[in-house]
Amino acid sequence: MTTGPTPTQNTTPPQPRTGQAPPPLERAEFRERFLQDFRDPRFADEAPDALDRIEAIAWRNYDEGRKAPRTRKAGPGYADPDYDLSVDWIEAKERIDAARTRWADKASPSRALLVCGSARNDGTCPGEISKSWRMLNMARDVLAGAQIEVDLLDLSRVTSDYGRHIHPCKGCVSTAMPLCHFPCSCYPNHAERQTGDWMNEIYERFTAAHGVMIITPVYWYQAPSPLKLMIDRLVCADGGNPDPTTTHGKKATEAKALELAGWDYPKHLAGRAYALAVHGDVAGIEMTRRGLSDWLDWMGFIDAGPKARLDRYIGYYESYAQSHEVLDRDTAMQAEVRGAAEALSVAITELRAGRLVQPDAGVRRPRPK
């Protein structure tokens, strides 16, 4: 990963700036935090020392910084084949590579990934499905009718599924792009109890798709938190380093040197079509849709046309309690969602046939980043 434009800045790697992180937890505070998950009185019925033994192991892992306990030698194809690479990362990378092979196979079926950005579903506190989910299924019917395989990614499951997480991005890219690995290697981190990360599966599903449609509400002028978490974690797909052995894990100085030597910022998901449907009830739909469009454009996705980039109000200033009934009556909005899905299906077909090409695809970026 040393090809690309010659950087104009000083190529001497700067030292990482430090001093922000708090000191490690003391033993007593660690124990208090650990036991927070076991305050249900039912746990008291266990043997008195059962939790003590488990907590002692967890403390040892935390104290030793035991991030990825399952490793093996990276092997052939990596810059440092003798580096002990996380087995979790290797397995995720192999699944992504297999998904990319399916995506590139012209004989394989066309596939669309439909993403529900709402945090609401009827399996948790709201007790009701989201309007985004209903519209997602409208889009699914259109795409399935066009003989496109459909994969439904419902991000509300982070609020209702046991142990399902999209952990936040740690901002490695801002230290140096090569420190941001694709797929992300920040998780799991067993020392910090940052496990059960959903993103490795999501990377694979994005990679396999020929087109993506995101349907989402607006929460406080912004994308809902599960959607924003996913977006942030997809930064590694835009310029990320596919070989963690080049930085020997998270060696910031090594990553800075790689970037300053000339980094080509590979776009791992470029060349897929996209559609959007953003809805709200008072404000924020235009800026949210624009933000999502700009993000996908930057990633190298190809929009399916103006009719596939919707921002609409459903029940403007009407009651929340009747919002589903308002959507029932808004047949025009329903038709627009189906139209956006239809545009995406056409874009996928044209893209795979080689007839849909970005007009600026051949324009060299003077500032690739």
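Since every read-out is calculated from the coordinates, none of them should be taken as a lab result. As the structure is a prediction and not an experimental result, all values here were calculated from the model. Positions of Cβ are backbone-derived with ideal geometry, glycine not excepted, and every protein chain shown enters the neighbour counts.
For the stretch 242-369, the C-alpha radius of gyration divided by 2.2 N^0.38 Å, with N the number of residues, is 1.45.
Among E325, E204, E286, which one moves the most in a GNM of the chain with springs linking Cα atoms closer than 10 Å? Between E325, E204, E286, it is E325 that shows the largest mean-square fluctuation.
For the stretch 97-352, the dipole from Cβ point charges (+1 on Lys and Arg, -1 on Asp and Glu) about the Cα centre works out to 300 debye, to the nearest 20. A Förster distance of 25 Å, applied to the separation of the beta-carbon atoms of R72 and K267, puts the FRET efficiency at 0.30.
With a Förster radius of 45 Å applied to the beta-carbon distance between K250 and W220, the computed FRET efficiency rounds to 0.85. The alpha-carbon positions of the chain define a convex hull whose volume is 177 Å³ per residue. Since only P48, A104, A21 are under comparison, the one whose Cα sits farthest along the positive direction of the charge dipole of the chain, derived from C-beta charges on Lys, Arg, Asp and Glu, is A104. Charge tally for Q358 (other residues, Cβ to Cβ under 11 Å; Lys, Arg +1; Asp, Glu -1): -3. If the chain linking R33 and A56 were pulled fully straight, counting 0.36 nm for each residue of separation and taking away their Cα-Cα distance, it would gain 7.0 nm. Ranking A270, P126, Y221 by Cα position along the charge dipole of the chain, where only Lys, Arg, Asp and Glu carry charges on their C-beta atoms, puts A270 farthest toward the positive end. Derived scalar couplings between HN and Hα for the stretch 145-160 equal x, 8, 6, 10, 5, 10, 10, 9, 10, 9, 6, 5, 5, 5, 9, 10 Hz in order, rounded to whole Hz, by the Karplus curve 6.51 cos²θ - 1.76 cosθ + 1.60 (θ = phi - 60°), x for Gly and Pro. Once divided by 2.2 N^0.38 Å, the Cα radius of gyration of the stretch 247-301 becomes 1.72. If you run the Gaussian network model on the chain, springs between alpha carbon atoms under 10 Å, then out of P69, P41, P266 the most flexible one is P41. With just the Cα atoms defining each centre, how far is the stretch 91-148 from the stretch 256-319? Give it in Å. Here the two parts' Cα centres lie 16 Å apart. Using a cut-off of 31 Å between Cα atoms, the listed pairs K106/K256; K93/K131; K106/K307; K93/K251 include K106/K256; K93/K131 as exceeding that distance. Of I302, I231, I166, which is the most mobile in a GNM of the chain whose springs link Cα atoms less than 10 angstrom apart? In this elastic network of the chain, the residue with the biggest mean-square fluctuation among I302, I231, I166 is I231. Nearest 5 percent is fine: what portion of the DSSP beta bridges confined to the chain is antiparallel? Here the antiparallel bridges make up roughly 20 percent for the chain. Selection among V142, Y320, A79 by position relative to the dipole of the chain gives A79 as farthest towards the positive end (Cβ unit charges, Cα centre).
Of the GluC sites (Glu not before Pro) in the stretch 46-128, the ones in a loop by DSSP (not H, G, I, E or B) with at most 16 other beta carbons within 10 Å are E46, E128.
Give, as a single signed number, the net charge of other residues whose beta carbon lies under 9 Å from the beta carbon of Y62, with Lys and Arg counted +1 and Asp and Glu -1. That works out to 0.
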